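Peer 1: I have a structure I would like to understand better, so I am pasting it below and will then ask my questions one at a time.
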Amino acid sequence: MTAIFNPVASTEVCQPMQAVFDQLNSVVLGKEPQIKLSLTCLLANGHLLLEDLPGMGKTVLSHALAGALGLAYKRVQFTNDLLPADLLGASIYNKDSGEFRFVEGPVFSELLLADEINRATPKTQSALLEAMEERQVSLDGETRPLPVPFFVIATQNPSEQAGTSPLPESQLDRFMVRIQMGYPAKQSELEILAGESRRQLLEQMQPAVSPPQLKTYQQACRDIPAGDQVLLYLYELLQYSRESGLFVSGVSTRGGLAVLNAAKAWAWLSGDAQLMPMHIQAVFPYVVGHRLQRRDGQSDPVRNGLDIIDQVVIPR
């Protein structure tokens, strides 16, 4: 068995992202691992799913990421009466010109916060599928590109809460990383209670990097080299998820590519020049957990990934 790499024990970041990391930590207290995983997801050009109880800092983290990275930001509150047009936009008829004019919806932003996404109907949830996968919107016979960069950060409440609709597998698969915030530690919560409001701190934030710099860093993440043995280790993890019998179905090749890209971003963010098994271990539970359904009915996505890591030996 391999030793499980714990991301909590590795929250250092490289110099180019240190100012971003510090600024985020000053707003979202005591959540260094979640912040590093969030940055990893955005550096890998993925979409992020934050799941937890209301009031746990999901929206604050989303606002803070937009502010620290200098991204144009829009927030949509998902409700059961939200329509796809409320999200994507619609063509409005202008009687003076006799023509239809397309009015862009909030999805046309660099960072879209889909707040409480699982309170919307499946039809509205699915309106995001093309935008998240293709970075474009097709309406009225015309395809419109979305801004570059384009990220979706979605928050969802636990499925046992009233008024929620579970995300279908196709929607979950569009999210590269899924994390939970968790309750803050004692000292962090005391600082939150005694300090400034999070809203005031968010208003004071200044971008620590620019979108062009972010694109450069994303390319640097993609350029991290991965040796044959590391790729073989990733393959063995994927294959175990398919053959172990623990899950209804294993991780797809697209899921494997998501792990690879996230691991490369984690490596670059950690200041490492080459992909290693520990980088894959760091992100694996948070990339594959929500893509797996256990046969025994247990529902801890992170545990899904950790169980796989614990059983697969690193090739030598």
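Peer 1: Which three lengths, in whole Å and largest first, does the chain cover when its Cα atoms are put on their principal axes?
Peer 2: Cα extents, longest axis first: 72, 46, 41 Å.
Peer 1: Please determine, in degrees from 0 to 90 and to the nearest 10, the orientation of helix 211-222 with respect to the longest principal axis defined by the Cα atoms of the chain, where the helix direction is its Cα long axis.
Peer 2: 30 degrees
Peer 1: Calculate how steeply helix 32-43 sits against the longest principal axis of the alpha-carbon atoms of the chain, using the helix alpha-carbon long axis, and give the answer as 0 to 90 degrees to the nearest 10.
Peer 2: 70 degrees
Peer 1: Turning to a different aspect of this structure: Out of residues 5 or more away from Leu82 or on other chains, whose amide H comes under 5 Å of its own, with H placed 1.01 Å from N in the peptide plane?
Peer 2: Those qualifying (amide H under 5 Å, at least 5 residues apart or on another chain) are Thr121.
Peer 1: With unit charges on the beta carbon (Lys/Arg positive, Asp/Glu negative), name the residue among Ser91, Gly70, Ile35 whose Cα is farthest towards the positive pole of the charge dipole of the stretch 5-159.
Peer 2: Comparing the listed Cα positions along the dipole, Ile35 ranks first.
Peer 1: Rounded, prolate or oblate: which fits the stretch 17-62, taking a ≥ b ≥ c as square roots of the Cα gyration tensor eigenvalues, rounded meaning a/c under 1.5, else prolate when a/b beats b/c? Mind showing how you got there, number by number?
Peer 2: Details: a/c = 2.27, a/b = 1.13, b/c = 2.01.
Oblate.
Peer 1: For the stretch 217-316, take every pair of Cα atoms, bin their distances at 5 Å starting from 0, and report each bin as a whole percent.
Peer 2: Bin by bin from 0 Å, the calculated values are 2, 14, 26, 24, 17, 10, 5, 2, 0.
Peer 1: At a Förster radius of 25 Å, what calculated FRET efficiency corresponds to the Cβ-Cβ distance of Thr11 and Asp223, to the nearest 0.05? Don't skip to the answer; put the middle values down first.
Peer 2: On the way: r = 24 Å, r/R0 = 0.94.
The formula returns an efficiency of 0.60 here.
Peer 1: Also, I was wondering about something else. Could you state the orientation-averaged shadow area of the convex hull built on the Cα atoms of the stretch 44-178, in nm² to one decimal?
Peer 2: Working: hull surface 35.9 nm².
It is 9.0 nm².
Peer 1: Then there's this: Hey, in the GNM for the chain with a 10 angstrom Cα cutoff, which one of Ile117, Ile224, Ile153 fluctuates hardest?
Peer 2: Ile224
Peer 1: Taking N as the number of residues in the stretch 1-104, what is its Cα Rg relative to 2.2 N^0.38 Å?
Peer 2: Details: Rg = 19.4 Å, N = 104, 2.2 N^0.38 = 12.8 Å.
Its radius of gyration relative to the 2.2 N^0.38 Å reference: 1.51.
Peer 1: To continue, here is another question. Output the peptides 33-43, 193-203, 84-94 sorted from most to least packed, where packing is the average of other Cβ atoms within 10 Å over each peptide's residues.
Peer 2: Values: 33-43: 24.1, 193-203: 11.5, 84-94: 15.6.
In decreasing order of mean packing, 33-43, 193-203, 84-94 become 33-43, 84-94, 193-203.
Peer 1: Give the distance, in whole Å, between the Cα centre of the stretch 64-138 and the Cα centre of the stretch 281-306.
Peer 2: 29 Å
Peer 1: What's the angle, to the nearest 10 degrees (0 to 90), between helix 228-243's Cα axis and the longest principal axis of the chain?
Peer 2: 80 degrees
Peer 1: What is the extension gain from Glu196 to Asp300, computed as 0.36 nm multiplied by their sequence separation minus the C-alpha to C-alpha distance, in nm to one decimal?
Peer 2: On the way: separation 104, 0.36 × 104 = 37.44 nm, distance 3.42 nm.
In short, 34.0 nm is gained.
Values in this text are rule-based calculations from the coordinates and carry no lab data. Please read all numbers here as calculations on a predicted model, not as lab measurements. Counting neighbours? That spans all protein chains shown, and the Cβs are built from the backbone with ideal geometry, glycine included.
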